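First up is the structure itself, then whatever we jot down about it.
The values are calculated or read from the model by the stated rules, or taken from the named source; none is laboratory data. Computed from a predicted structure; not experimentally measured. Methodologically, a virtual Cβ is constructed for each residue, glycine included, from the backbone with ideal geometry; neighbour enumeration extends over all protein chains shown. Remember, those area values only see protein heavy atoms, side chains included, never the ligands or the DNA or RNA. Shrake-Rupley method; radii C 1.70, N 1.55, O 1.52, S 1.80 Å.
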Amino acid sequence: MTKRILGIDPGTGILGFGIIDVEPNGKSVMIDAGVIRTASTETDSNRLLTIYDELQSIIKLHKPTVMSVEKLFFAQNVTTAMTVSQARGVVLLLGEKNNMELYEFTPLQIKQAVTGYGRADKKQIQEMVRILLGLNEVPKPDDCADALAAALTCSITMR
């Protein structure tokens, strides 16, 4: 049975999403990918509402049954960590409200699953996303590729 996985790279200014189908033979196929953008001039509550509404529309359109979200790992900027945490909360709420299986992975887990190396850089991850999904080009922007990497990590882990 084919599984449809929604991968999320959480953020408030730019939230990346990527949807893949995992076929019974284990092959992954990209269905859709992109970003949800919010303006820094908006209130936090309005930005979160935009993320909620747009992501809900994506979920309604594509009907994924699994959600894979990158866990936060920040060591420096507390303000950024807090706003990204708020966006993650909205994402997780949407996953629950839509009865999706929820999985969370650290950046290290994603790097190891996709590249086999926990210290892989962004370019290595993006290239492996391209290869694993059989794409002609690396998905842009980075947030989109990171979301697809989260979805791929989930598919690899579920095998």
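Pick from segment 116-137 the residues that are surrounded by fewer than 18 Cβ atoms within 10 Å (Cβ to Cβ) and of a type outside the set (D, E, K, R): which of them is modelled with the lowest pLDDT? Here the residue is Gly118. Selection of segment 31-60 for residues being under 24 Å from Val138 (Cβ atoms), open to solvent by 70 Å² or more (accessible area, probe 1.4 Å) and touching a residue at least 24 places away in the same chain (Cβ under 8 Å) yields only Arg37.
Does Pro24 satisfy the criteria of being modelled with pLDDT under 95 and either open to solvent by less than 20 Å² (accessible area, probe 1.4 Å) or not hydroxyl-bearing (Ser, Thr, Tyr) (or both)? The answer is yes for Pro24.
Restricted to segment 1-120, the set of helices (runs of 4 or more DSSP H) holding at least 3 residues that are within 16 Å of Cys154 (Cβ to Cβ) comprises 78-97, 107-115. The residue list Thr157, Thr153 contains one member that is polar (S, T, N, Q), under 26 Å from Thr65 (Cβ atoms), under 11 Å from the mean Cα position of the chain (by Cα) and assigned to a helix (DSSP H, G or I), which is Thr153.
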